[in-house]
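The next block holds one structure in the form of structure tokens; read it before the comments.
Throughout, read-outs are computed from the coordinates displayed, never taken from laboratory work. This is a predicted model, so every value here is computed, not measured. So basically every Cβ, Gly included, is an ideal-geometry build from the backbone, and we count neighbours across all protein chains shown.
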Protein chains: 2
Amino acid sequence: MSGLTKRQEMLIRSLRTRHGRKKSPYCLCDGLRSSSEILQCRSDLVELIVLREDKADFVLPPCPAERIVLPAGEFEDLAATVNSQGILVLASCPSFRPVTDPVPDPFVLILDRVGDPGNFGTILRTARAIGLKEVWLTKGGIDPWSDKVLRSASGAQFALTLRYAESLEDAAGALRSQGYHTMWRTLPAGGENVFRTPDVFEKSAVIFGCEATGVAELAGSRSLHIPMPGDAESLNVAQAATIVLFEYVRRITS
Amino acid sequence: MSGLTKRQEMLIRSLRTRHGRKKSPYCLCDGLRSSSEILQCRSDLVELIVLREDKADFVLPPCPAERIVLPAGEFEDLAATVNSQGILVLASCPSFRPVTDPVPDPFVLILDRVGDPGNFGTILRTARAIGLKEVWLTKGGIDPWSDKVLRSASGAQFALTLRYAESLEDAAGALRSQGYHTMWRTLPAGGENVFRTPDVFEKSAVIFGCEATGVAELAGSRSLHIPMPGDAESLNVAQAATIVLFEYVRRITS
């Protein structure tokens, strides 16, 4: 393939597979939004920018990385999506921040084994929209650097700092040692009403769980729920997280 | 194909195409949730229930419609999804309710040309979750009875009543003549803060718009927005609708 080295081409192709991504310290942004986000927030991680010839003059944030322009046919063969936007960015995955580092946010959002790329990405975008600096993850959820999640999050991964814990217990332990004492497990039913509970966002963690099994058990935690006057089953986890995160916004802006 | 008449088989296959669905007064529920919903809420519309042999003893709400069990291979060939759940329900689409009929809800949710099946379906589920009885649509949005929307809404279409207007002006005219005077256009920026405005849900309509172009212009309307302290671009329409609809829940439950 013209322009790319064999190694670059193999690397990009392997990142389109789940197995290849899992084994690799690299990730691949496919599309304008996630590419712009990494160039804006973490240009230090970028190794290579690949543009389709008709997009060679895209105005992008400055970045010292190599830039290669490919003919349309070759580009489309390389891109993961059917309707690509003419830009791919190959980059190193950011490191997770150690859970022992000081926490910058008033409360911490923890995603406990959230597994659906759409839900996970939507929650990252929402966390960013409300001004959180971090999101914490536990082992067993989706790979945050997979192409699907990069797409659904529009690259919010690069604007946020992510932390990773082996278990919810580990995350809670690290937070408690920094004075974040209240752990809220968000449950479909039962527990304290998020709209009526004053201390939801005060030196706390708000935890959303796996789509199938919910939030893991956690000693000493409190339970939070969103009231639902209709007769629907539970909300999906991205909806639930949006409601709780914007209840925080309501409190700080009202 | 054993069990099905030629007409039934052709009808089911045609409903899996967008063109076939558009031309047809029928719709096809694929999967347990949307099938259960139509059997529970609108069994009068059901024409045929098709089960995969291993699911022949599914416990379903009572329904007088014909029930056919197919061998696994034949069933999968007919089902639209790769991982089908072993049930298909063929039914007439419910009629839209005339916009001149009395409005049962305290405020009306209008989706103005919302076009993404995931967004549209999520909003219908959320409307149902908060206890609304209706959702209004305008011309130019997605077909609410397409298989994708039935899936993403988990069949909430059948629990809700839908109304259809040729334009936002027409919908607003019909509502105003029933005393619903305040029309809220939800915008990404500018307008009144949804968390600080007292009369958002009082004899009003809250309008969410097309993903690409937003809510249409509307004479005499007011503008509503969701504050966003972070530096993200606008929320997607399903997120925005969830936040506004649960602000209503907060007000009635706090």
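Across the alpha-carbon atoms of chain B, the computed radius of gyration and Dmax are 19.8, 61 angstrom.
Once the C-beta distance of A:Q40 and B:E217 is scaled by a Förster radius of 35 Å, the resulting FRET efficiency is 0.60 to the nearest 0.05. Full extension of the chain between B:K22 and B:T5 yields a length gain of 3.9 nm, computed as 0.36 nm times the residue separation minus the alpha carbon distance. Inter-part distance, the range B:18-59 to the range B:106-167, computed on C-alpha centroids, equals 18 Å. Mean per-residue shielding of peptide A:184-197 is 1, counting Cβ atoms of other chains within 10 Å of each Cβ.
Relative contact order, whole percent, for chain A stands at 19, derived from Cα pairs under 8 Å and 6 or more residues apart. In the calculated pair-distance distribution of the range A:18-146, the portion above 26 angstrom amounts to 28 percent of the Cα-Cα pairs. Cβ-Cβ distance of A:K133 and A:E47, R₀ of 30 Å, FRET efficiency by 1/(1 + (r/R0)^6): the value works out to about 0.75. Shielding by partners for peptide A:238-250, expressed as the average number of C-beta atoms from other protein chains within 10 Å of each residue's C-beta, is 6. Measuring how big the protein assembly as shown is from its alpha-carbon positions, Rg and Dmax come out at 24.3, 69 Å. Rounded is the label for the range B:107-253. Its Cα gyration tensor axes, ordered a ≥ b ≥ c, give a/c under 1.5.
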